[in-house]
């Protein structure tokens, strides 16, 4: 079908876009390069004003932008509107802090004066996913534009209207026409763009195969990449935890965005002394959720983004059950309505040789594991190819320190759910990727860190 908006709640194709031709891509790359030469000279104060204007537009039209996201990928409208407002937050964060992040850093050496200067690189390619169609882009665009880089966006092919809306927001805010451009292209067109000398680096959020492919191409061109890939985040509940608070948070941590999040809590690792109580609470809370039309304010769970996502999660659950796993709630495709609906599901007694033990589940399915103590909990938490985030629940300071020190992940949250925050660097290790987004570290990823020495 190509690049199209297909409503995941109904299966209806709403709009189809033609991918850009090679000639059209060339025009955009040429504009990006020409714009960069001038844009990098524009004052930080002016860039900051434009970025704050973008934040104003996001807040002004938050309902409109939220509805675009919900229509294209199915997240509940209340979550979509919250995402728009988070994009405004990251715009204001970098508008306010870029001057400090980019200022020269003096260093004492044998020269009469030495310092580090941060300079932009040029055109940065952003390959972005459908699950957070606005947030993923703005958390790249805000620091990149404040740093003086220009961006080109290859968004997921099922959210073209979101991609076009983001370019329109930044243009209306005042940024030059070539500072941020959306390229409606297919995945097969990315390689040639990455090979173009005018493109200096790339960032990708998405699947492990997509990240590996982009990184391989970039490596041959000696170009930097930042990758934020999959996750199978552990949610560890130990004996001193507040079980009610943990279970309440667990619902959001697993089911936010219809369960389609890299940093969703996916594996719930429970010590035996609290496992029965936590399991009971989680089942009750999952069963109380409303699955339905994502445009309605009282809907908790909307459809999965695509039919293939629905098929995959269903097959993973069925194979896990066939091998001996047990369903506590949910577990069957909702077939009494159109759309890609799957119920909130909880699996337990998960066999080692099943998908539930080792695969990433990208949907509303919680995987429950029981362990005897913190040693087993940490061992199980780390027994994955991924290393994005982890949530640990304990009020014992010694146990908190062990989780912080020993969990193999890019971030560890104690007594709270894993989330991204503009003030904190975000990213993973192992096969969850490399590099960081957000905070000062995210801005520095796409800067020339220039050493200056003066005698």
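Of all the criteria given as (1) over 25 Å from residue 377 (Cα atoms); (2) surrounded by 20 or more Cβ atoms within 10 Å (Cβ to Cβ); (3) touching a helix residue (DSSP H, G or I) at 6+ places or on another chain (Cβ under 7 Å), the one not satisfied by residue 333 is (2). Residues of the stretch 270-280 that are surrounded by fewer than 24 Cβ atoms within 10 Å (Cβ to Cβ) and touching a strand residue (DSSP E or B) at 6+ places or on another chain (Cβ under 8 Å): 271, 272, 274, 275, 278, 279. Number of residues in the stretch 350-399 that are free of Cβ contacts under 8 Å to residues at least 12 places away in the same chain and not in a helix (DSSP H, G or I) equals 2. The single condition among (1) on the phi > 0 side of the Ramachandran plot; (2) crowded, with 20+ Cβ neighbours inside 10 Å that residue 388 does not satisfy is (1). Consider the stretch 400-430. How many of its residues are surrounded by fewer than 18 Cβ atoms within 10 Å (Cβ to Cβ) and touching a residue at least 60 places away in the same chain (Cβ under 8 Å)? Within the stretch 400-430, residues that are surrounded by fewer than 18 Cβ atoms within 10 Å (Cβ to Cβ) and touching a residue at least 60 places away in the same chain (Cβ under 8 Å) number 4. Here 72, 83 are screened, and the one residue that is touching a strand residue (DSSP E or B) at 6+ places or on another chain (Cβ under 6 Å), more than 21 Å from residue 123 (Cα to Cα) and crowded, with 16+ Cβ neighbours inside 10 Å is 72. The combined condition, being at negative phi, part of a strand (DSSP E or B) and modelled with pLDDT of 95 or more, is fulfilled by residue 5.
Residues that are within 19 Å of the chain's Cα centre (by Cα) and in a loop (DSSP other than H, G, I, E, B) within the stretch 260-318 comprise 260, 261, 262, 263, 264, 302, 303, 304, 305, 306, listed in sequence order.
The values are calculated or read from the model by the stated rules, or taken from the named source; none is laboratory data. Keep in mind that this is a model prediction, so the values were computed, not measured. Cβ atoms come from the backbone with ideal geometry, glycine included; neighbour counts cover every protein chain shown.
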